[in-house]
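Single-structure report; data block below.
All of the numbers you see were taken from the coordinates with simple rules; none came from a lab. In this text the structure is predicted, and so the values were computed from the model without any measurement.
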Amino acid sequence: MKRIILLIIVIILISPVPSRAENMRIAVLDLTAQGVNPRTAQTVSDMLRTELVNIGKFTVVERGQIDQILN
């Protein structure tokens, strides 16, 4: 599980980010539990969001805003 998170973070870090004064806005949907406890999937989703915020290159859209956007 840790390898998956690390891989996602590495991919994001090496991905080209448009050079703008403003951070790129992204949304991270909740991961689907496949072969793990649903609580584990939720925890990993939260960890991914936290790490993306900590990187400082992204503005992570909150869950409530994701629901509004999808509707």
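When restricted to Cα atoms, the chain yields an Rg and a Dmax of 13.1, 41 Å, respectively. Residues in the stretch 34-41 carry Karplus couplings, in order, of 10, x, 9, 5, x, 5, 5, 4 Hz; the curve used is 6.51 cos²θ - 1.76 cosθ + 1.60 with θ = phi - 60°, and Gly or Pro positions show x.
Summed over qualifying helices (DSSP H, 4 residues or more, each -39500 (n - 2.57)) and divided by its residue number, the chain shows a 222 nm mean residue ellipticity of -17500 deg cm²/dmol.
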